[in-house]
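Take a look at the structure below.
The values are calculated or read from the model by the stated rules, or taken from the named source; none is laboratory data. Since this is a predicted model, take the numbers as computed values, not measurements. Cβ placement follows ideal geometry from the backbone for every residue including glycine, while neighbour counts extend to all protein chains displayed.
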Amino acid sequence: MLTIRAHHLLCVLGFRGYGYSEDFIENLTKISKEVKKKSTVIKIISQKDDVCKYCPNSATKCKEDIEPKSIDELVLLKLKIRSGSVLKSEAIYAKVIKNIEVNDLDIICSSCTWLEKGWCKQGLRELKK
């Protein structure tokens, strides 16, 4: 079972093999492949997760986890699930398709430096096809 922050469910959609360090990229590549399998079981949380383990910024740039936690809570609200929920990735992404619009990322991800690349929006559009 993977443990994933709610907002990282959206990050996976836009992941293109870039990141903060080689370890981070390698880890997120593995996680992205697992998350995209329909049967992967995921525990969705609003705190540091399997992605954060390899992020060199998690101790300094996450602003003591306040900002990412608020983003997670917004995603959980949009998906209509609670932190700690355990679902298969297929069910999670069905909720993403139903409850999150591409333009919602402008609000949800407004503080993310990766938003301007447009990859997450593109990934969400492809998911919704």
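Here are a few things to note about the model shown:
- So Glu90, is it more than 17 Å from Ser32 (Cα to Cα) and either surrounded by fewer than 15 Cβ atoms within 10 Å (Cβ to Cβ) or free of Cβ contacts under 8 Å to residues at least 60 places away in the same chain (or both): no
Yes or no, residue by residue, for (1) of a type in the set (D, E, K, R); (2) over 14 Å from the mean Cα position of the chain (by Cα); (3) at pLDDT 95 or above; (4) within 14 Å of Ile44 (Cβ to Cβ):
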| residue | (1), (2), (3), (4) |
| --- | --- |
| Ser70 | no, no, no, no |
| Glu90 | yes, yes, yes, yes |
| Lys98 | yes, yes, yes, no |
| Asp106 | yes, yes, yes, no |
| Gly123 | no, no, yes, no |
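- Meeting the requirement of 1 or more residues that are on the phi > 0 side of the Ramachandran plot and touching an Asp or Glu at 6+ places or on another chain (Cβ under 8 Å), no helices (runs of 4 or more DSSP H) wholly within the stretch 86-129 can be named.
- Filter result for Lys53 (surrounded by fewer than 20 Cβ atoms within 10 Å (Cβ to Cβ), under 24 Å from Arg125 (Cα atoms) and either over 12 Å from the mean Cα position of the chain (by Cα) or at pLDDT below 95 (or both)): no
- Tabulated pairs, the stretch 22-44, first closer than 13 Å to Leu9 by Cα, second of a type in the set (S, T, N, Q) and modelled with pLDDT of 95 or more, C-beta under 6 angstrom, 6+ apart or interchain: Glu34/Thr40; Val35/Ser89; Thr40/Ser89; Ile42/Ser89; Lys43/Thr3; Ile44/Ser85
- Verdict on Leu76 being crowded, with 20+ Cβ neighbours inside 10 Å, touching a Lys or Arg at 6+ places or on another chain (Cβ under 9 Å), modelled with pLDDT of 95 or more and of a type in the set (A, V, I, L, M): yes
- Taking the listed residues Cys109, Cys120, the one that is surrounded by 12 or more Cβ atoms within 10 Å (Cβ to Cβ), touching a His at 6+ places or on another chain (Cβ under 8 Å) and hydrophobic (A, V, I, L, M, F, W, C) is Cys109, with no other qualifying.
- Of the residues making up the stretch 14-46, those that are within 21 Å of Arg82 (Cα to Cα), buried (at least 22 other Cβ atoms within 10 Å of the Cβ) and of a type outside the set (Val, Ile, Thr) number 0.
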